[in-house]
Amino acid sequence: MSAAIQPVPVPPAKSTRKLGRERSVGVRNFRERVILGLLIACGVFTVLTTVSILGVLIVNTWEFFGHPIRDIQNNEVTVTLGDFLGSLHWAPTAEGAVRGFGIWPLIVGTAQVTVVAMAFALPLGLMTAIWLSEYASPKVRNVVKPVLEVIAGVPTVVFGYFALTFLTPLLRIDFLQTAATDPATGEALLGPDGSPVMVPWNPFDFGVYNATAAGLAVGIMCFPIVTSLSEDALRAVPRALREGAYGLGSSRFETATKVVVPSALSGIIAAFLLAIARAVGETMIVALAAGASPPALHRSLGDAVALNQDTQTMTGYMVQVFTGDIPHGGVEYLSSYTVAFTLFIITLLLTLVGAAIRKRFRQVYE
């Protein structure tokens, strides 16, 4: 008797019902067009804003040169481009014959603060970036880097008061007192009770407002920018370059300074230039701590290196004009737009130089 034939089980038919809701191609395309339109609108808005700002600066700068303008005393003044670029005296708000429209004192004042700031921020920021990238453990890096980036979020007015109330007394060595003397006779000055009058030691003759304190505060503000961007550039260098240097017998320091830093030079230079541009355009710190008197270059060129005395930057002058009682449309008012246009040109040149340097030293790794 033959064995019974067993039926072959038939698998259940798969359901043809689709899971979820079918997406409409038309809705998807519409949504993508809306997103693309928003992105284009944001880009156009940015360009129009920049062009509008530049247009306002150009129009007011054009009005400043070669046209008779009334000043705050209602006198008629005409400023030429030669006066602006060929004079070492800047005093648009002064009265009488002492008035001057030479931009160079403001440029020198800006350079004073920037040089002090970068002398502090660039080397210290780069060394900190090398330590974070090559020496610090991941746990330490994850703590230190966010803390440094928090410093970049501190309002600049806080840095200004910090410079005025901490850095300046520290530079003047206010915690050490010495007996005041009469400049004419050299004898000690006595108070009403017969005791000597004590004044801060101040061996370097720092004024209450000075370029050094303002520059150090700007440097502290720029320090996180240099550190963070430089560290990102260093960490972008491939691990294979480090391992190759170690394999040839290089120490960690030699690998960091002779292999990693040159390989990340493009990003490091970009960080440096961004910090310089940030320092050049800083406003509140210099307005509070630097003073309101630009270097008197028309009297002495030595004032260009007098970092212990007060100074004024281009941004500081603009703050002085727009927080005072300067009438709209006068020569003093228009001079602030001319200074702003000059600052725009300097910043643009820094950007172009930075782009050229980055292109020159840029390295692409696979």
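Only the coordinates and a few stated rules stand behind these numbers; no lab work does. Because the structure is predicted, anything quoted here is derived from the model rather than measured. So basically every Cβ, Gly included, is an ideal-geometry build from the backbone, and we count neighbours across all protein chains shown.
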Once the piece of chain linking I53 and A119 is laid out straight, how much longer is it, given 0.36 nm per residue of separation minus the C-alpha distance between them?
-> 20.6 nm
Residue ranges of DSSP H helices in the chain that stretch 24 Å or more (Cα, own long axis) and have mean Kyte-Doolittle hydropathy of at least -1.0 are 25-64, 104-130, 211-235, 331-361
Specify the inter-centroid distance of the range 226-263 and the range 30-79, based on alpha-carbon positions, in whole Å.
-> 44
Other residues with Cβ under 14 Å from the Cβ of N210 give, with Lys and Arg +1 and Asp and Glu -1, a net charge of -3
Dimensionless Rg/Rh of the range 104-314, both radii on Cα and Rh by Kirkwood, sits at 1.13
Cα-Cα pairs of the range 49-111 separated by more than 16 Å (percent) = 54
The chain: most fluctuating residue of G194, G26, G109 per GNM, C-alpha cutoff 10 Å = G26
If one builds a Gaussian network model of the chain from Cα atoms under 10 Å apart, the most fluctuating residue listed among P138, P155, P262 is P138
Which far-off residues, 5 or more places away or on another chain, put their amide H under 5 Å from the one on I69, with H placed in the peptide plane?
-> V77, T78
Long-range Cα-Cα pairs in the chain (distance over 32 Å), rounded percent = 55
Largest fluctuation, F30, F253, F120 only, Gaussian network model of the chain with Cα springs under 10 angstrom, belongs to F30
State log₁₀ I(q)/I(0) for the range 203-254 at q = 0.14, 0.19 Å⁻¹ as given by the Debye formula over alpha-carbon point scatterers of equal weight, solvent excluded.
-> -0.61, -0.76
Inter-part gap, Cα centre of the range 114-158 to Cα centre of the range 189-210, in whole angstrom, is 37
Long-range HN-HN contacts of A91 with modeled amide H, under 5 Å | G100, F101, G102
Identify all aspartates and glutamates with a Cα-Cα distance to K145 below 15 Å; exclude those on the same chain that are fewer than 8 residues away in sequence.
-> E134, E231, D232
Ranked from highest to lowest mean number of other Cβ atoms within 10 Å per residue, what is the order of the peptides 279-285, 145-151?
-> 279-285, 145-151
